[in-house]
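Take a look at the structure set out below.
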Amino acid sequence: MTGKNMLKPLVILLVWAMVTGCKSTSEAQVNRVLSDFGKIISGEDELTTDQVADGLKEALSQGISKSSDRASAVDGYLKNSLIRIAFPPEAAKVESRLRQIGLGNEVDKFIESMNRGAEKAAKEAKPIFLAAIKNITIEDAWGILRGENDSATRYLEQNTSASLTDKFQPIIAGALEEVHATRYYDDLVNTYNKIPLVQKVNPDLDEYVTEQAIAGLFKLIAQEEASIRKNPAERTTQLMRKVFGSSEAGLQ
């Protein structure tokens, strides 16, 4: 008799014991036990590598959608200290010097416009990121599932950042032009460079904001992934519940 066939009489004995030994046992409880054991007998609870890969992609799809929606909302970048885009570090002395000479409002206006550009571009990020999750291979699936709370996000970041940057930078450039961030930036840099004895600067604004915008999105996606791993209520599909539930139970 095979292992699965041996389980069938055990299930019958268990149900009989529940019915005869516990008057409070309900029909629903009996049916639930039968269902659970039925899945074990039929092998339905056995996770396949395909299911793990698909479950991870579902989790990332959910994280990408939520993160893109959060980032693209008004103040999605500007009022979120985790992803707010600051003045370019290599031009920090520009910000400091301009504030010293009374141009703080103009600096703040530029920072706001830069974040507005990222928020606007984030609306276009979702389909780019969703297409990128196809890079997750079946071979990598188990390692990602067993990894840290942000393993899937880090894998996605490491394997797609270059292509995402190429696709996202033109979107960022257009968004910055539309909200006048590029003009504000040029005006500030030109004003600074006219100050006597300063070392002239002019970092690439499009490249900087693109890097920061993508990094911010990955931070939000990592938060969503951690939430799905830790909180069963965040697993919105049956496959996600199965994959991450198995991980919690040590059934990898």
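The values are calculated or read from the model by the stated rules, or taken from the named source; none is laboratory data. These figures come from a predicted structure and were not determined experimentally. Glycine gets a Cβ as well: all are built from the backbone with ideal geometry, and neighbour counts include every protein chain shown.
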When the stretch 134-161 is checked residue by residue, the ones that are β-branched (V, I, T) and either more than 15 Å from the chain's Cα centre (by Cα) or modelled with pLDDT under 85 (or both) are I136, T137, I138, T160
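Can you find, within the stretch 83-94, the residue that is surrounded by the fewest Cβ atoms within 10 Å (Cβ to Cβ) among those that are hydrophobic (A, V, I, L, M, F, W, C) and assigned to a helix (DSSP H, G or I)? Outline the logic, then answer.
To start, the set of residues in the stretch 83-94 that are hydrophobic (A, V, I, L, M, F, W, C) comprises 83, 85-87, 91-92, 94.
Within this subset, residues satisfying the condition of being assigned to a helix (DSSP H, G or I) are 91-92, 94.
On the way: A91: 19, A92: 12, V94: 25.
So the residue we want is A92.
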Just wondering, is there one or more residues in the stretch 71-82 that are of a type in the set (K, R), surrounded by fewer than 16 Cβ atoms within 10 Å (Cβ to Cβ) and touching a residue at least 40 places away in the same chain (Cβ under 8 Å)? no
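Of the residues R154, R99, which is surrounded by fewer than 19 Cβ atoms within 10 Å (Cβ to Cβ), more than 28 Å from T191 (Cβ to Cβ) and assigned by TED's automatic domain parsing to the domain that holds T210? Lay out the reasoning, then the answer.
On the way: R99 fails: more than 28 Å from T191 (Cβ to Cβ).
Just a single option satisfies the conditions, and that option is R154.
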Do we find a residue being among the polar types (S, T, N, Q), loosely packed, with under 14 Cβ neighbours inside 10 Å and within 15 Å of the chain's Cα centre (by Cα) anywhere in the stretch 212-226? no
